[in-house]
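The values are calculated or read from the model by the stated rules, or taken from the named source; none is laboratory data. Since this is a predicted model, take the numbers as computed values, not measurements. So basically every Cβ, Gly included, is an ideal-geometry build from the backbone, and we count neighbours across all protein chains shown. Note: accessible area is taken over every heavy atom of the protein model, side chains too, but ligands, DNA and RNA are not part of it. Shrake-Rupley method; radii C 1.70, N 1.55, O 1.52, S 1.80 Å.
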Amino acid sequence: MPAISFDGALAVPGLSIVDGLCRAGWYMQEHFISPELSRQLAAECVQSMLSGKMKGAGVGSGHAPLLQPDIRGDHIEWLETGRSEACDSYLTHMETLRRLLNCELFLGLEEYESHFALYAPGAFYRSHLDRFRDDDKRTVSVVLYLNDDWLPEHGGALRLHPQDGDAVDIAPQAGRLAMFMSGEMLHEVLPTARERLSIAGWFRRRA
């Protein structure tokens with residue numbers, strides 16, 4: 001059965017973040033950040049790649065995850081507070097979101113980690129969960145997209161595989177936020193036909 005595709009409007013109009021995560025295990029919101037902040041972050045992501053700061057992303061946890069391009073083909077650079085005004089603004093948004101999730105869902109989310117992710121044309125990421133077998137702190141996964149004028153023929157959708165329901169494709173359009181439960185939602189990134197930019201992050205609970 002083909003996946004349900006969301007290329008434009010809200011996935012579920014009027015559904016809150018809390019309701020989405022509780023009922024379906026995922027949520028999508030348009031215009032989570034301003035177009036100007038999105039452009040600033042996109043430019044920073046591209047510059048990071050051009051300057052050689054981004055590295056091929058590995059598979060698995062630990063200090064030296066394995067590079068397996070047949071599974072995962074993106075390049076990443078981890079974000080830290082104080083890196084730039086744009087990144088600090090983004091991290092402030094995520095701190096507000098962390099507090100909301102803790103207030104409404106009592107998840108005990110203590111910290112947030114994130115990185116730029118750049119997929120060159122042809123890159124993809126096969127189906128996986130975001131929670132490691134030896135580390136279950138990742139609780140809520142968050143992806144913010146930074147790509148202007150994304151078209152269906154560009155590919156690169158985030159495909160979610162809910163346990164009870166059809167697959168869902170979310171196109172990586174600038175300003176769009178996708179969230180899902182890290183240890184429950186199987187997901188993948190479909191092959192992209194153009195450079196695909198995003199910030200991938202995880203709210204982590206206490207040990």
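Heavy atoms only, probe 1.4 Å: what % of the accessible area of the chain goes to carbon and sulfur, would you let me know? Don't jump to the answer; show the numbers that get you there.
Details: 5510 of 10430 Å².
With neighbouring chains kept in place, the figure for the chain is 53 percent.
Which FRET efficiency, nearest 0.05, do residue 106 and residue 55 yield, Cβ-Cβ r, R0 41 Å?
Details: r = 36 Å, r/R0 = 0.88.
According to the calculation, E is roughly 0.70.
Would you be so kind as to identify which of 128, 34, 116 lies farthest towards the positive end of the dipole of region 28-141, taking Lys and Arg as +1 and Asp and Glu as -1 on Cβ and the Cα centre as origin? The one lying farthest along the dipole's positive direction is 128. Note on residue 153 and residue 99: the extension gain reaches 15.7 nm, defined as 0.36 nm multiplied by sequence separation minus the Cα-Cα distance. Working note: 222 nm ellipticity from helices only, DSSP H runs with n ≥ 4, each -39,500 (n - 2.57), summed and divided by the residues of the chain, gives -7000 deg cm²/dmol to the nearest 500. Taking the Cα centre of the chain as reference, the dipole from Cβ charges on Lys and Arg (+1) and Asp and Glu (-1) amounts to some 400 debye. Kirkwood hydrodynamic radius of the chain, from the reciprocal of the average inverse Cα-Cα distance over all distinct pairs: 17.2 Å.
Largest mean-square fluctuation among 87, 45, 103, in a Gaussian network model of the chain whose springs join Cα atoms under 10 Å apart, belongs to 103.
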